[in-house]
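Written below as C-alpha cells is the structure these notes are about.
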Amino acid sequence: MQKKEALRVLAREKRDDLAKVIDAEKYAEWHYQIIKGLAGTDNFALAAYAPIGSEYDIWPVCRQHLKKKRSFSLPVVIGRHQALQFFPYQEGENLVTGAFGISEPNRLAPSLIPDIVLCPLLAFDRYGGRLGYGGGFYDRTINLLRQRKDAITFIGIGYSAQEMQQIPMEEFDSSLDFVLTEQGLVTCTAKVA
C-alpha cells in the first residue's frame, strides 16, 4: 500500500506537467471514432467523468457523443465503500459539486448501466492495471458492472507518458480493457505469470 501511495505522488506530478503541454481538444474527433469503433455501433451508452485538476480533459470527446443525442452519463459517488452509479447528463444541464469536489449530474432520472465507461487515471500498464486515487471507487464499479452486464468496456483515459511497466495490483483491484492516450489505443492483455 505504501508503494502505491508513493507511485500516486509521482504519477500526479507527471500528469500535472503533461496536462500543461498536451491539448486534448486536438484529439477529440479521432478519440471518439476509436471509442465508437470499440462499441461497434453509433448508438451506444457512454459514461465518462467531469475532469478535475490535471485529469485528461475528455469533454471534447463527450461533446462529440452528446451532439449526436446518444445516451450519456456521469458518475455519482453514492457512498464511501460503494460502487459509482451513472446518471444521465445532457449538454447544458447544471452539474452539482458532489463528494471529493467532483462535478455530478442531478439524480432525478434513474441510474444507467453504460456500454462503455471512460475512467480517469494517474497511471496505467499494458496489463490493464490502473492507478487511481486510492478510494477504490472505479475498482468496485468495474467489478459490479461486469457482473451485471456481459458486454461492457472499460477504457482508461490518460497521457501516453503515464504508462508504467507494471502497476502493483491488489486483491480488489480491477483491470481495464483498453487505455486511450494522445498516441492511440492500448489494448490491455492479461499478465502471464
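The values are calculated or read from the model by the stated rules, or taken from the named source; none is laboratory data. Here the structure is a predicted model, which is why all the values come from computation and not from measurement. Here the Cβ positions follow ideal geometry from the backbone for every residue, glycine too, while neighbour counts run over all protein chains shown. SASA here: full protein model, heavy atoms, side chains in, ligands and nucleic acids out. Shrake-Rupley method; radii C 1.70, N 1.55, O 1.52, S 1.80 Å.
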Query raised in the report: In square angstrom, rounded to the nearest 10, how much accessible surface does E13 have for a 1.4 Å probe?
Result: 100
Report summary line: Amide H proximity to A123 below 5 Å, modelled H, separation 5+ or other chain, gives L131
Report summary line: Which of (i) 28, 23, 14; (ii) 41, 21, 14; (iii) 23, 19, 18 is the computed semi-axes √(5λ) of the Cα gyration tensor in Å? It is (iii)
Report summary line: Computed, not fitted: 222 nm per-residue ellipticity of the chain from DSSP H runs ≥ 4 (each -39500 (n - 2.57)), nearest 500, equal to -8500 deg cm²/dmol
Report task. Take L95, L84 and sort them by solvent-accessible surface of the protein heavy atoms, 1.4 Å probe, largest at the top. Result -> L95, L84
Requested in this report: Mind checking the per residue accessible area of the chain for me, 1.4 Å probe, whole number of Å²?
Outcome: 52
**Report entry** 13 Å reach of a label modelled at W30, 7 Å along Cα-to-Cβ, counting backbone N of the stretch 128-172
**Finding:** 160
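Sorting K14, K20, K149 by accessible area (1.4 Å probe), largest first, what list results? Please report the intermediate quantities before stating the final value.
Working: K14 95, K20 160, K149 45 Å².
Correct descending sequence by accessible area is K20, K14, K149.
Once you have the Cα-Cα distance between Q82 and N143, take 0.36 nm times their residue separation minus that, and quote the gain in nm to one decimal.
20.8 nm
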Requested in this report: For the stretch 42-52, just list the computed ³J(HN,Hα) in residue order, Karplus coefficients 6.51, -1.76 and 1.60, θ = phi - 60°, integers in Hz, with x standing in for Gly and Pro.
Outcome: 7, 9, 10, 8, 10, 10, 9, 9, 8, x, 10
Requested in this report: Determine which residues of the stretch 141-160 fall in the zone a paramagnetic label at I113 would reach in this model, i.e. backbone nitrogen under 15 Å from the point 7 Å along Cα→Cβ.
Outcome: 141-154
Report summary line: Whole-percent carbon and sulfur contribution to the accessible surface of the chain (1.4 Å, no ligands, DNA or RNA) stands at 50
Query raised in the report: Which ³J(HN,Hα) values in Hz, rounded to whole numbers, follow from the phi angles of the stretch 153-170 under the Karplus curve 6.51 cos²θ - 1.76 cosθ + 1.60, where θ = phi - 60° and Gly and Pro get x?
Result: 10, 10, 10, x, 10, x, 9, 4, 6, 7, 5, 10, 4, 7, 7, x, 9, 10
Query - Residues listed by number, the stretch 52-75, amide nitrogen under 13 Å from N43 label point at 7 Å toward C-beta - result: 69-71
Query raised in the report: Could you give the length gained on full extension between A151 and A190, defined as 0.36 nm per residue of separation minus the Cα-Cα distance, in nm?
Result: 12.2 nm
Query raised in the report: Rounded to the nearest 10 Å², what accessible area does V9 show when all protein chains are kept and the probe is 1.4 Å?
Result: 80
Report task. Once you have the Cα-Cα distance between A161 and E13, take 0.36 nm times their residue separation minus that, and quote the gain in nm to one decimal. Result -> 52.1 nm
Query - Heavy atoms of W30: accessible area, 1.4 Å probe, square angstrom to 10 - result: 110
Requested in this report: Taking all protein chains together and a probe of 1.4 Å, list V21, V61 from the most accessible to the least accessible.
Outcome: V21, V61
